Structures are given as C-alpha cells and as structure tokens.
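Computed from the coordinates by the stated procedures, all read-outs in this text should not be read as laboratory data. Everything numeric in this text was worked out from a predicted model, so none of it was measured. A quick note on method: Cβ atoms are made from the backbone with ideal geometry, for glycine too, and the neighbour counts reach across all protein chains shown.
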Amino acid sequence: MEKEMKFTRASEDDKNEILALYRSLAGTEFCAWTENYPGETDIEGDLSREGLFCLKNEREKIVGVISIDQDENVEKLSCWSDNLQPSAELSRVGVRVENQNQGIAGKLLCYGMEELRQWGKRSVHLLACKTNKKALRVYEKLNFNVVGECEMYGEEWWCFEKAL
C-alpha cells in the first residue's frame, strides 16, 4: 500500500533538509551534482521566486524536490520552440536515495508541469546530463522531446522540451 505523500511549496524551514538531500545525491551514480551544486544560493533563489517544491511523506520528511528555475544561460539556448512561449525550466529534480525507483521523479515532474500551467506557461524545458540514465528514462516515459544538445557547466546535456 502506497504511503500518503503530499506536495508543498518549500519554505525557509525546509532549507537545511533540502540542502542535505542535494548533498546526499552528489557523487551518486549518473548524478552530475557536486558538493557545491546545488547549494544554498540555489535554494535561496528558488525560494525567493516561490519556485521550490517538496514531496513529503507521512512523517513530513522530504523525499523529493523540484524547482522552477530561471537560468539565463539555459533560457538563451536557440533550441527552444518559439511557438511554445512562454515557457519555463524545471530543474534540480532530486529524490532521496532510499525512495528512488518508485516513480517519484515522474510525480515531481508532473506536479512541476501542472504548476507551470497555472503560471500561464505553454511549455516546459529542461536539461539532462547525457550520462544520467535514470533521468533520461523518466523524460522519455513522460514524452519529452529532445530538441537540442549543449555543453555547460563542464557537462554535456540533452535539451528536452514538452508542450503543456
């Protein structure tokens, strides 16, 4: 039986737990995150835009996070469809190691896309590290389209887009 989980907008009170989740994923298989990224500055920026969301279990423990990002370097990539504007980027999808392989990343993405619809966006885009096999499977399952590729932040990325 699936345990009761709920989505919430992250608050200042969640910061330390989110940072701990980010740190726990750095260096795990397929993950491009480091001990410095994502960090406190990313969390604070996401909180200031009210763009950071958590999935919490019945004990109020964060099992996953997702953010609506505003990265100018990503926004100015030429691969995004002009006819799907306005759009926004979903980023920093993270699931606690012990909760992985349970469909939580897909639930986080679906929640993020619904949030973007409510914000009046017509599409979502995101970057996935070319070596992140888990993320690539989730994006394929959710019918995201590969619209380009780029090199940024010392990694090679697939650029994904989906109409909302």
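Tell me which residues, restricted to the stretch 21-36, are out of contact with any strand residue (DSSP E or B) (no Cβ under 9 Å at 6 or more places or on another chain) and of a type in the set (Gly, Ala, Ser). Those that are out of contact with any strand residue (DSSP E or B) (no Cβ under 9 Å at 6 or more places or on another chain) and of a type in the set (Gly, Ala, Ser): ALA26, GLY27.
Taken over the stretch 82-98, the criterion of being within 11 Å of HIS125 (Cα to Cα), touching a helix residue (DSSP H, G or I) at 6+ places or on another chain (Cβ under 8 Å) and of a type in the set (A, V, I, L, M) is satisfied by ALA88, LEU90.
Out of all the residues in the stretch 1-16, which are under 13 Å from LEU52 (Cα atoms), touching a strand residue (DSSP E or B) at 6+ places or on another chain (Cβ under 7 Å) and of a type outside the set (Val, Ile, Thr)? Answer for the stretch 1-16, where residues must be under 13 Å from LEU52 (Cα atoms), touching a strand residue (DSSP E or B) at 6+ places or on another chain (Cβ under 7 Å) and of a type outside the set (Val, Ile, Thr): PHE7, ARG9, ALA10, ASP14.
State yes or no: is GLU60 on the phi > 0 side of the Ramachandran plot, out of contact with any Gly (no Cβ under 7 Å at 6 or more places or on another chain) and either touching a residue at least 24 places away in the same chain (Cβ under 8 Å) or not β-branched (Val, Ile, Thr) (or both)? In short, yes. Here the condition is being in contact (Cβ under 8 Å) with a residue 40 or more places away in the chain, in contact with a Phe, Trp or Tyr (Cβ under 7 Å, 6 or more places away or on another chain) and not β-branched (Val, Ile, Thr); of LYS107, LYS134, LYS121, it holds for LYS134 alone. Looking at ALA26, ALA32, just one residue is in contact with a Phe, Trp or Tyr (Cβ under 6 Å, 6 or more places away or on another chain), of a type in the set (A, V, I, L, M) and under 22 Å from LEU109 (Cβ atoms), and that residue is ALA26. Of all the listed residues (VAL147, VAL93, VAL65), the sole one being in contact with a Ser or Thr (Cβ under 9 Å, 6 or more places away or on another chain), of a type in the set (Val, Ile, Thr), in contact (Cβ under 8 Å) with a residue 24 or more places away in the chain and within 23 Å of GLY27 (Cβ to Cβ) is VAL93.
Can you pull out the residues in the stretch 123-143 that are surrounded by fewer than 21 Cβ atoms within 10 Å (Cβ to Cβ), over 20 Å from THR28 (Cβ atoms) and hydrophobic (A, V, I, L, M, F, W, C)? Matches in the stretch 123-143: LEU142 only.
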